[in-house]
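The values are calculated or read from the model by the stated rules, or taken from the named source; none is laboratory data. Everything numeric in this text was worked out from a predicted model, so none of it was measured. Methodologically, a virtual Cβ is constructed for each residue, glycine included, from the backbone with ideal geometry; neighbour enumeration extends over all protein chains shown.
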């Protein structure tokens, strides 16, 4: 990136909001903004598997840029998948269309954990190359790196794939805590390496996704998950950090203790309520219900106004959805929401 762009990048509304500084308007981006809702995404990914797409710098660059070009969002997020680093480390898995990550040999024992290799930065050199391609194209638009949190990754490795109950995961936690903590420690190490590669390559912020943390009680989250998420986030100090989970209303206070600068909130919890739970020293991100985007324009506007009003209770607010963009979402509606957020929040 040109040195002349660095001051403008540092002062972008997105990064200012993450740092809880005054902004000219509320910045907005969408989780899964680069994905199946865009016809241009479906076109470039046609016939190409998910993992292969994540390993091709040219595709990662193009897909990451698509929502920035189309929607005018205030940040890009690196196109990847949460299982990319564990696959790169050597875990035998695949992303099955319509199912998600499927692991060939689920983790059951300490020997299984010890068989998971560490991740070397050169094993994900395609990520470094993709970021190198992206930064000049993005200019003063920040790029967010991301990774899956240890609990969510562990759940996939223990269950062997997606799960509604996480019964095997919880059984391992309760019956073999030594195995569980060894697994999460290894995954925290892999995740931190993956984020470190992205930070060293030049991303402006990172987001740690804990998709399945909402399946836990607060007591279990604090005992079995928080130390490992904190280990990841504590290892990244150069850029703002966002931490997001789904169904985490009762966990928000604990998640705020994990070390992020911004806590993502799903659509179930009003942002002013979330701010009281998280505390006054964190910005918040969210939290329009993704299904609202299928509503009439007047309903969408009312809900955007509500989220913006509730977000004013926080010392910093990044507007987003309360989860990812749904595949059938009309891209034109996303563009109109970006414009609406900017217009309604302009100082």
So residue 34 clears everything in (1) within 23 Å of residue 320 (Cβ to Cβ); (2) surrounded by fewer than 17 Cβ atoms within 10 Å (Cβ to Cβ) except one condition, right? Which one? (2)
So which residues in the range 191-216 are at pLDDT below 95 and on the phi > 0 side of the Ramachandran plot? none
Selection status of residue 226, crowded, with 24+ Cβ neighbours inside 10 Å and modelled with pLDDT of 95 or more: no
Filter pass, residue 122 being at pLDDT 95 or above, in a helix (DSSP H, G or I) and surrounded by fewer than 16 Cβ atoms within 10 Å (Cβ to Cβ): yes
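One residue is enough: does the range 199-210 have a residue meeting the conditions surrounded by fewer than 18 Cβ atoms within 10 Å (Cβ to Cβ), in contact (Cβ under 8 Å) with a residue 40 or more places away in the chain and part of a helix (DSSP H, G or I)?
There is at least one residue in the range 199-210 that is surrounded by fewer than 18 Cβ atoms within 10 Å (Cβ to Cβ), in contact (Cβ under 8 Å) with a residue 40 or more places away in the chain and part of a helix (DSSP H, G or I).
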When the residues of the range 82-99 are filtered to those that are assigned to a loop (DSSP other than H, G, I, E, B) and touching a residue at least 60 places away in the same chain (Cβ under 8 Å), which remaining residue is surrounded by the fewest Cβ atoms within 10 Å (Cβ to Cβ)? 99
Tell me yes or no: at least one residue of the range 234-250 is crowded, with 23+ Cβ neighbours inside 10 Å and assigned to a helix (DSSP H, G or I). no
Answer yes if at least one residue in the range 10-20 is crowded, with 21+ Cβ neighbours inside 10 Å, in contact with a helix residue (DSSP H, G or I) (Cβ under 7 Å, 6 or more places away or on another chain) and on the phi < 0 side of the Ramachandran plot, and no otherwise. no
Looking at the range 292-312, can you tell me whether even one residue there is more than 19 Å from residue 37 (Cα to Cα) and not in a helix (DSSP H, G or I)? yes
Among residues of the range 47-62, those that are surrounded by fewer than 17 Cβ atoms within 10 Å (Cβ to Cβ), without any contact (Cβ under 8 Å) to a residue 40 or more places away in the chain and on the phi < 0 side of the Ramachandran plot, counted: 2
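Let me confirm something: among 59, 15, 5, which residue is modelled with pLDDT under 95 and either assigned to a helix (DSSP H, G or I) or out of contact with any strand residue (DSSP E or B) (no Cβ under 6 Å at 6 or more places or on another chain) (or both)?
5
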With respect to residue 65, is the statement that it is closer than 27 Å to residue 345 by Cβ, in contact (Cβ under 8 Å) with a residue 40 or more places away in the chain and in a helix (DSSP H, G or I) true? yes
Residue match in the range 148-160 (condition: surrounded by fewer than 21 Cβ atoms within 10 Å (Cβ to Cβ) and in contact with a helix residue (DSSP H, G or I) (Cβ under 9 Å, 6 or more places away or on another chain)): yes
May I ask you to list the residues in the range 21-34 that are in contact with a strand residue (DSSP E or B) (Cβ under 9 Å, 6 or more places away or on another chain) and either at negative phi or modelled with pLDDT under 95 (or both)? 23, 26, 27, 28, 29, 30, 31, 33, 34
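Answer with yes or no whether residue 188 is assigned to a helix (DSSP H, G or I), modelled with pLDDT of 95 or more, within 17 Å of the chain's Cα centre (by Cα) and under 13 Å from residue 154 (Cα atoms).
Spelling it out, residue 188 is indeed assigned to a helix (DSSP H, G or I), modelled with pLDDT of 95 or more, within 17 Å of the chain's Cα centre (by Cα) and under 13 Å from residue 154 (Cα atoms).
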